[in-house]
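Each remark here refers to the structure printed beneath this line.
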Amino acid sequence: MPGPYEHTKFEVRGPRTSIVDKHQNYTIAAPATVASADAIGDGCKALDYCSGNGACDHCTSTCSCVDRHGTFDNSQTNFNCEEIKCPMGHAWAGMPTQPGFAHGDLVPCSGTGLCKGTSGTCTCFGDWSGPACERRACPGWDADFGDCSGHGTCATMRALAMLDEALPLTSRENRSYAHSNNQRPSHTWDADRIFGCVCDSSWKYFGADCSLMHCPSGDDPMTRRDETDCFNVTADGGYGVGKVGNKCHVDCSNRGLCDHESGLCKCFAGFYGPACDTINVKALQEEL
């Protein structure tokens, strides 16, 4: 009922009726005309008539907010619908409800951000992201290059478990990532909320955020065997055996130190070349 309420007629039944609001108790003899309803609805005036974002109950002086206005659980008794609810997400930290089940409560900003009531938006902590701060940002995010330092693809844990090129390699037959969106078992509830990087080329880029670079690869010139020959070599992770012609990456041919930020080798004395795979006999003899 919009204000003002001057000269509004109310029908009062019974010989004497008490009209009660949060602030005062009025007794009016029936029949009667209330010349001003401010005495009945002054609580709504104090609530700025719900800021135009809800309906005010003039008897209880409370607001029923519409849309996203109000508090997330409407637990406050004197809110005026001025604030906007922030997006809700499953709480990242929570008490388990039974063995294997947790994180079922929906809370503003998933409990990993601050809710800005004036705009209804979340300010996420650290590397949390999403409208409700519901997921971890992919490693190596940069405003200019995007995810994974611009050298990889961002994928969820569920997707990473099923990719052929994700390291360490695993057998297709043994891959699975069970998850129930309804029951949300605690061991897989974050399957689509934590992200990782698959680097564009494991020969060049590596690291959690694909920011590190391998140095040029080469065969150690001081040994008889070819360290770059990966025939019959088992890949990291225990799955995958090198076939004829497969190559292993050997930074700086084991004859130098790799600067993984620049991808350049610093060769030991007596060795030179981009991969330190060439011997400088004279320098090596002087070193020995």
Residues (of a type outside the set (V, I, T) and outside any loop (DSSP other than H, G, I, E, B)) located in segment 228-242: D229
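Among the residues in segment 212-227, are any under 16 Å from W141 (Cα atoms) and either assigned by the TED database to the domain that holds G256 or not in a loop (DSSP other than H, G, I, E, B) (or both)?
Yes: segment 212-227 contains one or more residues that are under 16 Å from W141 (Cα atoms) and either assigned by the TED database to the domain that holds G256 or not in a loop (DSSP other than H, G, I, E, B) (or both).
Of all residues in segment 248-265, how many are assigned to a strand (DSSP E or B) and open to solvent by 60 Å² or more (accessible area, probe 1.4 Å)?
Restricting attention to segment 248-265, the residues satisfying the condition of being assigned to a strand (DSSP E or B) are 251, 256-259, 264-265.
Those left that are additionally open to solvent by 60 Å² or more (accessible area, probe 1.4 Å): 257, 259, 264.
So the answer is 3.
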Those residues that are in contact (Cβ under 8 Å) with a residue 12 or more places away in the chain and open to solvent by 60 Å² or more (accessible area, probe 1.4 Å), I need them from segment 213-232; list them, please. M222, D229, F231
In segment 152-178, which residues are open to solvent by 60 Å² or more (accessible area, probe 1.4 Å), of a type in the set (A, V, I, L, M) and either in a helix (DSSP H, G or I) or modelled with pLDDT under 70 (or both)? L167, A178
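The values are calculated or read from the model by the stated rules, or taken from the named source; none is laboratory data. These figures come from a predicted structure and were not determined experimentally. Every residue, glycine among them, receives a Cβ derived from its backbone with ideal geometry; neighbour counts consider all protein chains shown. Keep in mind that these areas ignore ligands, DNA and RNA; they rest on the heavy atoms of the full protein, side chains included. Shrake-Rupley method; radii C 1.70, N 1.55, O 1.52, S 1.80 Å.
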